[in-house]
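What follows draws every value from the coordinates through simple rules; no lab data is involved. Being a predicted model, the structure only gives us computed values, none of them experimental. We place every Cβ from the backbone using ideal geometry, glycine too, and count neighbours over all the protein chains shown.
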Amino acid sequence: MTTTRRPYLGRLFALGLLLAASVVSTGPAATAAAPVADLGSNVTVFDPSMPLSTIQATLDAAHAAQVDNEMGTTRHAYLFKPGTYGTAEQPLHFKVGYYTEIAGLGASPTDVVINGKVEVYNRCLTPTNCIALTNFWRTISNLSINITGKGSEGCRTGTNFWAVSQAVSMRRLNVTGGNLSLMDYCTAGPQYASGGFIADSKLPSVTNGSQQQWLTRNSEVASWSNAVWNQVFAGTVGAPDDSTFPSPPYTTLDTNPVSREKPYLFVDAEGDYNVRVPAAQKNSRGITWANGLTPGYTLPLSDFFIAKPSDSVKDINKALEQGKHLLLTPGVYDVERSIDIKRANTVVLGIGHATLTAVNAATPVEIADVPSVIFAGVTIDAGLKKSQVLLKVGKKDKRSHNPADNPTTLSDVYFRVGGPHIGRTNTALEVNTDNVLIDHTWVWRADHGVEGFTDTQRWNTNDGRNGAIINGDNVTATGLFVEHFQRYNTIWNGENGTTILYQNELPYDPPTQADWMNGDVEGYAGYKVGNGVQKHQLYGGGVYVFNQNNPSIHTENGFEVPDRPGVKLHHIMTVNLSAGIIDHVVNGVGGPADLTRVGSPVYITDYPAP
């Protein structure tokens, strides 16, 4: 399918309708599939011996409860033991809602096979306003989908739809039997979607359609259609050629300089639960499971403290001090003091979008100056009282000697300042340690929510100064999404940093130009490299503007970097979403993203120019 590039009209195209939409806050759907006792009541495990009708009914009820529950508190994980689910005659076909994780429990993605579909469609805010722009916070991983329909499906025949935006990951998938579409062109026609992430997956032909930016890394694709604004590939077999950028606007790295796959649960031949911890790779290409078990090491689940939302931080920290790893089961945790990770090689794994909420200005997580910590699958929310930082990795005045071949790794870690409730923080993510890998994060100061604010009130109430501050050297980010913060969204002070895909929207809500000034400079760049940095690389970056409160507001530059030969930006752009103006792409270079070219990016292939 070929789709004409369409202008993006701002994520809140129907802001009033969205805020007026009811927010469902129901608990987990009733199910005949018994929860696993030591993983808590919010984890449901399916076995191939269960009646397919029971599994189908459970997943249908879960989607019905969660499809509109954007700002709710329900969290759930649905896990599939090794085996086959569904047949050509009776496929297992279900949809995935908010705060839902779908994962196989095999050692390999091929150990769990779903004959059917696992999908996300456009969310209909009204019968005629159906979009994917707010389809956030859901996860699918570690299984095979053999695309099988339910008889005549019309527009959807032979295609698995995954119409999502930020804070959604697809990892360790094997998709066969049809096509994968990253947009829903059947519900009210092709509609907008914005940003996403695929890793360690083997995929058929992919229809990208309306996804403006997307990162696919360490994967295999049969083909990829539609570049839209910029599609980024790193270490992906079958990735499109980027030699004619920006026509079309692809960004392709033959290998991925630093990668590590997210830890995952699996059940061994004896029926025991384990966590597989993949090894880090350098200059890698393709999937990790092509020749058997993903390289790395295995930890028995008995090595983990299995936390529930009712557990205190005191008990969690005591377990960490005693040498336990940490598994955060689904739910919302109120955190009044930091979860302190002080031991090298500690693994913290959240499932079902486990969420830590700051209470009384706490920093919910601090990772000490120790090497090789893995922190994955966790959402961190700012609270009512302003935190200095939400996740802090190391200290500025004490750099740890983190080994380059075993970096501290953050995978699928998401941040929210506002949205479900008022949020305040100076900084969301601060990285001071050297040799850190950030593998997919969405750092979000909310542009909408249930707080009951007008947009002007949000500017003065949901405080979020900076999204990400990177002070460590040799830090790599693969999939860095940072949005709507009130000063620099990202500040990169460390040496020899690398970002592979950066997506940013400037804040929607500055009331006046005076509120959006950096000294004498109009506005703050979406991506700032520190003035003293000698070496830095960015591949595939976009900064968007949608100043809906005051469309006359200017931002001087989308990107701001020191002019040095060692600081290189490759395939970057700015774009106007119908309000406000970015005067230049980077350092006074590049024409304006203004109202004369709404939805049409301003590109720079290389800065500085070769």
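Using Cα pairs closer than 8 Å and at least 6 residues apart in sequence, work out the relative contact order for the stretch 484-534, in percent. Show your work: numbers first, answer last.
On the way: 57 pairs, mean separation 28.5, N = 51.
Relative contact order here is 56 percent.
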For this session: Report relative contact order for the stretch 15-254 in percent, whole number only (criteria: Cα-Cα under 8 Å, sequence separation at least 6).
Result: 12 percent
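If you place +1 on the Cβ of every Lys and Arg, -1 on the Cβ of every Asp and Glu, and leave all else neutral, what size is the dipole of the chain about its Cα centre, to the nearest 20 Debye? Walk me through the numbers before you get to the answer.
On the way: 45 positive and 54 negative charges, 39 e Å.
I would put it at about 180 debye.
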For this session: Quickly rank 564-570, 47-53 as a protection proxy: mean count of other C-beta atoms within 10 Å, highest first.
Result: 564-570, 47-53
For this session: Please name which of Ser201, Asn160, Tyr121 has its Cα lying farthest along the dipole of the stretch 15-254 towards the positive end, using unit charges on Cβ (Lys, Arg +1; Asp, Glu -1) and the Cα centre as origin.
Result: Tyr121
Problem set entry | Ranked list, fewest to most other Cβ atoms within 10 Å of each Cβ, for Trp459, Trp442 | Trp459, Trp442
Exercise. With a ≥ b ≥ c the root eigenvalues of the C-alpha gyration tensor of the stretch 51-165, is it rounded (a/c under 1.5), prolate (a/b larger than b/c) or oblate?
Worked result: oblate
Exercise. Here are some pairs, Lys314/Lys392; Lys262/Lys535; Lys262/Lys324; which of them have Cα atoms lying more than 21 Å apart in this structure?
Worked result: Lys262/Lys535
For this session: May I ask for the distance between the Cα centers of the stretch 374-420 and the stretch 183-233, given as a whole number of Å?
Result: 28 Å
Exercise. What list do you get for Phe375, Phe233, Phe245 if you sort them by fewest beta carbons within 10 Å?
Worked result: Phe245, Phe375, Phe233
Exercise. Sorted from fewest to most neighbouring beta carbons within 10 Å, what does the list Lys324, Lys202 look like?
Worked result: Lys324, Lys202
Seminar exercise, completed: In whole angstrom, the spacing between the Cα centers of the stretch 247-265 and the stretch 59-98 equals 28 Å
Seminar exercise, completed: Taking the chain and counting helices only, DSSP H stretches of n ≥ 4 at -39,500 (n - 2.57) each over all residues, the nearest-500 ellipticity at 222 nm comes to -1500 deg cm²/dmol
Exercise. log10 I(q)/I(0), Debye, Cα-only the stretch 49-92, no solvent, q = 0.17, 0.24 Å⁻¹?
Worked result: -0.59, -0.93
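How do 236-244, 57-65 rank on mean C-beta neighbours within 10 Å, highest first?
Highest-to-lowest ranking by the protection proxy: 57-65, 236-244.
Could you work out the Kirkwood radius for the stretch 277-317, taking every pair of different alpha carbons, averaging 1/r and inverting it, reported in Å? If you can, show how the numbers build up before the last one.
Working: mean 1/r = 0.0746 Å⁻¹.
Final number for the Kirkwood radius of the stretch 277-317 is 13.4 Å.
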Exercise. According to a simple spin-label model (label point 7 Å from Cα along Cα-to-Cβ), what is the distance in nm between Ser600 and Lys396?
Worked result: 4.4 nm
For this session: Please report the Cα spread of the stretch 461-610 along all three principal axes, rounded to whole Å, starting with the longest.
Result: 38, 34, 28
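Using the C-alpha atoms of the stretch 15-254, what convex hull volume per residue, in cubic angstrom, is computed?
Measuring per residue, one finds 121 Å³ for the Cα hull of the stretch 15-254.
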For this session: For the stretch 297-607, just say rounded, prolate or oblate: build the C-alpha gyration tensor, square-root its eigenvalues into a ≥ b ≥ c, call rounded for a/c under 1.5, and beyond that prolate if a/b exceeds b/c, oblate if not.
Result: oblate
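So what is Rg over Rh here for the stretch 249-395, counting just Cα atoms and using Kirkwood for Rh?
On the way: Rg = 16.9 Å, Rh = 16.7 Å.
A ratio of 1.01.
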Seminar exercise, completed: Length-normalised contact order of the chain, Cα under 8 Å, at least 6 apart, in percent, tallies to 8 percent
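Lys and Arg at +1, Asp and Glu at -1: add these up for the other residues within a Cβ distance under 10 Å of His421 and post the number. Numbers along the way, then the final one.
On the way: positive: Arg416; negative: Asp381, Glu451.
Computed value for this residue: -1.
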For this session: May I ask for the distance between the Cα centers of the stretch 477-550 and the stretch 102-157, given as a whole number of Å?
Result: 33 Å
